[in-house]
Structure formats: C-alpha cells, structure tokens
Amino acid sequence: MLEKINEIAQLFTNDIGNARGMQTLEEIRVKYLGRKGLVAELMSKLPSLEKEKKPAAGRELNTLKARIQKELEARQRTLLSGASLTREEIDVTMPGIKPPEGRLHPITQTLNEINGIFVSLGFKIAEGPEIEKEFYNFEALNIPLEHPSRDAFDTFYIKKDTLLRSHTSTVQVRIMEKTKPPIQAIMPGRVYRPDAVDATHSFMFHQVEGLMVDRDIKFSDLKGILNIFTKQMFGEKTEARFRPSFFPFTEPSAEVDISCIMCRGKGCRVCSHTGWLEILGAGTVNPRVFEAVGYSPRKYKGLAFGMGVERIAMLKYGIDDIRLFFENDIRFLKQF
Ligand code: PHE
C-alpha cells in the first residue's frame, strides 16, 4: 500500500510540473481527487488491509491528498495571475516613461553666468538682507531726504524705518561696516520697487552689485573690468561706452551702454535707433560713503557698479517682456 502511495505521489509531481493551463489543471484534479480518482481508489482499499497496517496507510494517504489539494491551488493562482497579465497587456520589456526634466530658471542661469565672470576676475560673492533699515538703503549711500526715491510711493516701506531694499547698494555698506579693505566683491540679490508692472517694469527684480576698495583704485580699473565683463557676457564684438551720469553714492558716475546686440550698433527698434543699450550704473565710490562706514576717504579709493539681471537676460536672449520671467509658463521656461 505505502509503495502504491509513493508511486502516485511521484506521478502527481510529474503531472503538475507539466501543467500549463487551467484545462490540464482540472484534468489532473479529476485524475487524483475525483470520485473515481487515484486517491479515492486507494481509500476504498483501506478496509481490506491488515489491521496493524491500516493507521499508517490512512495517515499517508491523507497527507498525499492534502498535498495534492495545496499544490493544485497554488498552481491555479500562478496561472491566474499570469492570465491577468496578458489581459492587461503589460509588456515588461517596454522602455519606461521618462519623467519631465527640470532645469534652472533663465534668471538663475544669467545670475550664475554673471557671478562666474566676476569670480574668474577675483571677486568674492556676498549677500545681504532684503528687508533693510533706511540707513543702509539711503543715508549711508549719501541719498538725501529730499531724493525722490525716498518717497513712500517709490519704496515699499514696512515700518517707518524699515523697507524692502530698492537696490543692492545696501550690501556695499554692510560689507564695508564689517571688513577692512582690500575688498573685491559682487553682491547678487532681489530688489523691490513699487513700479506699475508692464513689459519693462516689475515690482521685484534682481541686481548684481560690485565693489572694489583699496589704496589705489582708479576709474580705469572700473573701465577695464566692465569691458571684460561685457565682452564675456555678450560676445567679443560687443563694445562698451561710458556715459557721464549721476548717482549720490559714486563720484564721478557713469552709465554703461553696450553696442546694440540686435543691430550691432546700426540702430533698430530695440535700441530706439541709437545703436546703444544701457546695461548698468557705475562710478568711483563717493568719499561720503566711506565716511558713513568709518573708512578714511584720504586713504582709500573704491569703485562700484550695479546691474539689473532681468535686463541683461532680456538683451542676451531677445526677450521683450519682463513678465515672462515670473509667470511660470513652462512653454517659455523650457526654451532655456
Ligand atoms: N544702485 C544703482 C541703481 O539701482 C546702481 C548703481 C550701483 C550705480 C553702484 C552706481 C554704483 O540704479
């Protein structure tokens, strides 16, 4: 009897190993567990066994029956999950779906480029707060009370003495307060002005400020540095022009224009037919600023400049509306 049971167990192992479909599985079930199946046949022979052999044979037979049941069910489950795979038509060999790729905002890219040029010329990068005291935005920079930029309509005041900085020149003062010359630093950051928003104005934009202070800094150093900057930023063919101007914190002051990168100086709509585009303000540091931070104006000279990052990005990439930078339109941003 035990031999017979082993034989059937062996037979079942072969059958189930070869079963490839639900149909065969059912046939196997009937063959072994059916009413007239192999297991039932042996069961029917149990009563005729010798008394002392009955218990062992019965036990073995039950174990075999349980094993066959379990393996049939397990096989059925694997076949079913395989069947659902074909139904849903998942092809595991197909290439995956690539998630959309992010990139740096064009203003960040332009800022990085500007910073990179000045760092290669030996400048350090410094930052200051966007919420400022009047002293840093105005007094220390020799901007008198009657100056129009001090009007409540021209600056975002938070409290009487506290405002959102309207330029990054504030950081010049903060650096000089904290350190002794020589200083060679650029100061990138956000600035705020309550301008009505249009194609060329935004209430928030970015500037990069520059400052060099040492015993013998000259206006020609300023020209040399800004000439290198404009050529690296806009191309070797670009010319820079220094036009006399006025800022309370530099004396003498200049506004720097570059030859129009659209028409190469011939005159077009972008440069209002002048051939030149204004890109920054600059000058040698006014001795009054040195006095405000406790430097001796007789001992030290300095140069400073400040540029608008949005303006530079617009010129470089031919963008005609500043609002595009802040609308988060992926179709625009994707192009950079
Ligand atoms: N702070 C000036 C502005 O915002 C720019 C500037 C900086 C001019 C440094 C001269 C020197 O317009």
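Tabulated data
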item	result
Sites excluded, GluC sites (Glu not before Pro) in DSSP loops with at most 16 other C-beta within 10 Å, longest stretch of the chain	147-235
Where only C-alpha atoms are counted, convex hull volume of segment 93-188 per residue in Å³	180
Span-like helix ranges in the chain, DSSP H, alpha carbon extent 18 angstrom or more, Kyte mean at least -1.0	2-18, 54-88, 106-120, 219-234
Radius of gyration and Dmax over the Cα atoms of segment 119-251, both given in Å	16.0, 48
Sparse-neighbour loop sites [chymotrypsin sites (Phe, Trp or Tyr not before Pro); segment 225-275; at most 13 other C-beta within 10 Å; DSSP]	none
Dipole-positive endmost among Thr284, Ser245, Phe203 within segment 188-289 (Cβ charges, Cα centre)	Ser245
Cβ charges +1 (Lys, Arg) and -1 (Asp, Glu), total dipole of the chain, debye	1200
Three-way shape label, the chain, alpha-carbon gyration tensor, a/c 1.5	prolate
Rounded, prolate or oblate (a/c below 1.5 giving rounded, otherwise prolate when a/b exceeds b/c) for segment 214-261 by Cα gyration tensor	oblate
Segment 2-86 - convex hull of the alpha-carbon atoms, volume per residue in Å³	71
Two-site FRET efficiency, Val270 against Asn115, from Cβ-Cβ distance with R₀ of 35 Å, rounded to 0.05	0.85
Rounded to 5, the percent of DSSP beta bridges in the chain classed as antiparallel	95
Centroid-to-centroid separation of segment 264-319 and segment 57-83 [C-alpha atoms, Å]	85
Candidates per trypsin sites (Lys or Arg not before Pro) in segment 125-163, loop by DSSP, up to 11 other Cβ within 10 Å	Lys160
Calculated [θ] (222 nm, deg cm²/dmol) that DSSP helices of n ≥ 4 give over the chain, each run adding -39,500 (n - 2.57)	-13000 deg cm²/dmol
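Since every read-out is calculated from the coordinates, none of them should be taken as a lab result. All values reported here derive from a predicted model rather than from experimental measurement. For neighbour counting, all protein chains shown are included, and Cβ atoms are generated from backbone atoms with ideal geometry for every residue, glycine included.
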